[in-house]
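Okay, so here's the structure we're looking at.
The values are calculated or read from the model by the stated rules, or taken from the named source; none is laboratory data. Model, not experiment: these values are computed from the prediction. Every residue, glycine among them, receives a Cβ derived from its backbone with ideal geometry; neighbour counts consider all protein chains shown. Calculation scope for accessible area: heavy atoms of the full protein, side chains included, ligands and nucleic acids excluded. Shrake-Rupley method; radii C 1.70, N 1.55, O 1.52, S 1.80 Å.
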2 protein chains.
Amino acid sequence: MAATIRDVARQAGVGLGTVSRVLNNSPLVSPITRNRVLTAITELRYSPSQIARSFASGKTFTVSAIAPFFTRPSVVERLRGIESQLTISGYSLVVFNVETVARRDACIRNISCHDRSDGVLIMSLTPREDEVLALQEAGTPVVLIDTVAEGISGVRIDDVYGGELAVRHLIDLGHQRIGFAGDSIDEARAFNFTSSRDRHIGYMRALDAAGVVRRPEYQCYGVHGRFEARILTRNLLQLPEPPTAIFAASDTQAMGVLEAARDLGLRVPADLSIIGFDDIDVAEYLGLTTVRQPLFMSGQRGVDLLLRIIGDENLGPQSEVLPIELVMRGTTGSIG
Amino acid sequence: MAATIRDVARQAGVGLGTVSRVLNNSPLVSPITRNRVLTAITELRYSPSQIARSFASGKTFTVSAIAPFFTRPSVVERLRGIESQLTISGYSLVVFNVETVARRDACIRNISCHDRSDGVLIMSLTPREDEVLALQEAGTPVVLIDTVAEGISGVRIDDVYGGELAVRHLIDLGHQRIGFAGDSIDEARAFNFTSSRDRHIGYMRALDAAGVVRRPEYQCYGVHGRFEARILTRNLLQLPEPPTAIFAASDTQAMGVLEAARDLGLRVPADLSIIGFDDIDVAEYLGLTTVRQPLFMSGQRGVDLLLRIIGDENLGPQSEVLPIELVMRGTTGSIG
DNA sequence: GTGGGCAGTGGAACTAGTTCCATAGTAGCA
DNA sequence: TGCTACTATGGAACTAGTTCCACTGCCCAC
């Protein structure tokens, strides 16, 4: 049986409260007493029970993160930022991976029961109005990463602007026939993803601003993934008058577009320019032109914000927008 | 203030124990009483405190996973398997990302204080003898994934055999000048990684078995990563008599070898055959020949084993070896 | 001298569950 | 008509910390 705080108190010949004060670095302990307690702790090889501590103090020093599709490189990079920042503050990270709509709903519902963790980070999944209400009523500190919802704090980028940035770059290179490959609208609605949708809005805005006609047949949507993007854009590239450039809503999808081009024997960028979004790790390897967003930093900032909210319950909803930038590499070029 | 079990008992006009029995689905409650309790629970919108539950029962329904270099695709895939299997059993996953030796040591030391979680999964990091002792003394249920240690349960593959498999494939294709690119020996020793080392042993065995002379200058070691592998193998390929094939200890490193070949204008596989290890997601995309190991499954099996150990403290150390297989794709070919 | 204030300390009460023992009620059976 | 056995139930004790109030000295100011 492990030693308890009472064993330590007895061994050191002091009261319960005194041991607790030593453990919590209270200044209200004389150096002599503190030493007696520390000696007893060593002798008994005492280590305080975190569970009992959480129970008594009501603080768990744990943060939950809900993330969709764990395997996506962008998600991993954000999680890495989260973990690193939490570790610095002495918090633990509990991870929930969401790959189905049912699990999305279950996760968001469960964490409303503000219990096992002091706060929650929700990544890419936008809570619906009723879910926001439940979270607020439960008083759970929440920070969204990569999305926004009325009345909840969040860290994000301007996806619409990012889409504009990408497409303006293609237009600047002389392209007029510009395609778009993004997330399936059904899937996005089911999970309540917004980034592909917003990047698509940016795509349309950039075309409109340049006076380029939007062609519905140039826009395709599929379940997020390399393979789906490959199939869809292959169709698109076999149109009688195919696009000369494609903006993919993510680097993963851009990889599918690259494959489609390879399938059809198109040279990149001579025959087809391709631009992605996120600047994940392999983008550099592939020489992919893309819009970079600070993924690691989004996790760090999300944690900073969450800990601030945990520390001050009265803090109203905060919102932070991170910078993005165009990264020009080898997959985009001026029109042949 | 949230309702407690006592409020529910009062509201339902029953005793404490009865409410607890209802919560834990004990059959020793009459249907009428059970209904009264359930009604009270609904009326008071009661939800039991997980912390209090953990505290009283001594079970946290949480498992910790210590993983080095979170961002490595193989690690992510294993974690995904872990998370998925834990979720099925109603457990939560706390993740610790290890990127420095100091943190490695700290993580392993801390989890010996068997408290916040019911068990621990340690990935790729081999505990040293003193650490094994500390873990055993603390009685913490532990399962290793992707490594072995005397007296601790584990799920792994036969890395030596994997290395043999890879190199025998190259030899079968007619190669005699076969290089090896693996992890830095210093780094591996510091973290206590073993997979690159074992795969290297397999490399040597396969060469010996075929009567091929081992050349020290064909073997290079660098900090795990694409970039380092690229630089190192570029040197190797500029030898007066360069290798015609290279076995990289991981797919990530194989990607670096591919880059090096590209840097020097070598055609793959006509001028240089390349084989990796792991079969991570991008391997298929790149058409990389590799040795596949069941990453997702290793996480699942690790959890199965851990939960079995948690359920039966007397269970001795168990060891499971998962199957591996050669996946032939486009980066290996017979000698030009 | 004496009252106020404060550093230092002890310990009861509290957190919200589980566990287990005692006991009431009741059905089955000789 | 008891005796046994078993179901159903109540509640005290327990888990291991924190929190906070009460109390003792001691110093200093009036």
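Tell me the Kirkwood radius of the protein assembly as shown: reciprocal of the mean inverse pair distance over distinct alpha-carbon atoms, in Å.
By the Kirkwood definition, the hydrodynamic radius is 27.7 Å.
Compute accessible area for the stretch A:60-92 by itself and then with all protein chains, 1.4 Å probe, and report residues whose area falls by 40 Å² or more.
A:Phe70, A:Thr71, A:Val76, A:Arg80, A:Glu83, A:Ser92
Leaving out ligands and nucleic acids, note down the accessible area per residue over the stretch A:159-294 with a 1.4 angstrom probe, in whole Å².
Averaged over the residues of the stretch A:159-294, the accessible area is 38 Å².
Using a Förster distance of 51 Å, how high is the FRET efficiency between A:Ile231 and B:Thr42, based on the Cβ-Cβ distance and rounded to 0.05? Could you put the intermediate results ahead of the total?
Numbers: r = 49 Å, r/R0 = 0.95.
Using R0 = 51 Å, I get an efficiency of 0.55.
Would you mind computing Rg(Cα) / (2.2 N^0.38 Å) for the stretch A:5-48, counting N as its residues?
The stretch A:5-48 yields a ratio of 0.96.
Tell me the distances, shortest first, between B:Thr71 and the same position across the other copies, using label points 7 Å along Cα→Cβ, in nm to one decimal.
Inter-copy label distances (nm, one decimal, shortest first): 2.0.
Starting from a label point 7 Å past Cα on the Cβ side, list the distances from A:Arg45 to the same position in the other copies, nm, shortest first.
Inter-copy label distances (nm, one decimal, shortest first): 4.8.
If you bin the C-alpha pair distances of chain A every 20 Å from 0, what whole percents do you get?
29, 43, 20, 9, 0
Using only alpha carbon pairs under 8 Å that are at least six residues apart, calculate the relative contact order of chain B and give it in whole percent.
Values: 630 pairs, mean separation 58.6, N = 336.
Relative contact order for chain B comes out at 17 percent.
Kindly work out what percent of the DSSP beta bridges joining two residues of chain B are antiparallel, to the nearest 5.
10
How tilted is helix B:159-172 with respect to the longest principal axis of chain B? Cα atoms for both, answer in degrees (0 to 90, nearest 10).
Roughly 30 degrees, rounded to the nearest 10.
What quantity of accessible surface, computed with a 1.4 Å probe and excluding non-protein components, is buried in total between chains B and A, in Å² to the nearest 100?
Counting protein atoms only, the buried area is about 3700 Å².
Percentage of Cα-Cα pair distances in the stretch A:159-294 greater than 26 Å, rounded to whole percent?
Counting pairs separated by more than 26 Å, the tail of P(r) holds 11 percent.
When the chain is fully extended, how far beyond the present Cα-Cα distance does A:Glu129 get from A:Leu16, taking 0.36 nm per residue of separation?
Going from the current span to full extension adds 35.9 nm.
Using 0.36 nm per residue, how much length does the chain from A:Asp158 to A:Gln136 gain when fully extended, once their Cα-Cα distance is taken away?
On the way: separation 22, 0.36 × 22 = 7.92 nm, distance 2.51 nm.
Extending this stretch completely gives an extra 5.4 nm.
Relative to the first principal axis of the alpha-carbon coordinates of chain A, what is the inclination of helix A:129-138, with its axis defined by its Cα atoms, in degrees from 0 to 90 and to the nearest 10?
Long axis of A:129-138 versus the principal axis of chain A: about 10 degrees.
Can you pull the percent of the protein assembly as shown's accessible area that's carbon plus sulfur, 1.4 Å probe, other chains left in place? Don't jump to the answer; show the numbers that get you there.
Working: 15360 of 29430 Å².
Its accessible area is 52 percent carbon and sulfur atoms.
Equivalent ellipsoid semi-axes for the stretch A:130-175, as square roots of 5 times the alpha carbon gyration tensor eigenvalues: give them largest first, rounded to whole Å. Each step should come with its number before you reach the end.
Numbers: eigenvalues 266, 14, 5 Å².
For the stretch A:130-175, the ellipsoid semi-axes come out as 36, 8, 5 Å.
List the residues of the stretch B:114-149 whose accessible area drops by at least 30 Å² when all protein chains are present, compared with their chain alone, using a 1.4 Å probe and counting only protein heavy atoms.
At a threshold of 30 Å² (probe 1.4 Å), the residues of the stretch B:114-149 that become less exposed are B:Asp115, B:Arg116, B:Glu137.
Once you put a point 7 Å from the Cα of B:Ser334 and another 7 Å from the Cα of A:Leu266, both along the Cβ direction, what distance in nm separates them?
Those two pseudo-labels are separated by 3.7 nm.
Compute the distance in nm between two label points, each set 7 Å from the Cα along the Cα-to-Cβ direction, one at B:Thr4 and one at B:Met297.
Between B:Thr4 and B:Met297, the simple spin-label model gives 5.0 nm.
Give the whole-number value, in cubic angstrom per residue, of the convex hull volume spanned by the C-alpha atoms of the stretch A:230-282. Could the numbers behind the result be given before it?
Values: hull volume 3.6 nm³, N = 53.
That works out to 68 Å³ per residue.
Top mean-square fluctuation among B:Arg36, B:Arg104, B:Arg80, Gaussian network model of chain B, C-alpha springs under 10 Å?
B:Arg36
In nm, what does the list of distances from A:Ile231 to its counterparts in the other copies look like, shortest first, when each label sits 7 Å along Cα to Cβ?
4.3
With an 8 Å cut-off on Cα pairs and a minimum separation of 6 or more residues, tell me the relative contact order of the stretch B:243-333 in percent.
Details: 127 pairs, mean separation 29.6, N = 91.
It rounds to 32 percent for the stretch B:243-333.
Can you tell me, using C-alpha contacts under 8 Å and at least 6 residues apart, the relative contact order of the stretch A:159-294 as a whole percent?
26
Along the Cα-to-C-beta direction of A:Ser30, a point sits 7 Å from the Cα; which residues of the stretch A:3-20 have their amide N less than 17 Å from that point?
Answer for this model: A:12-19.
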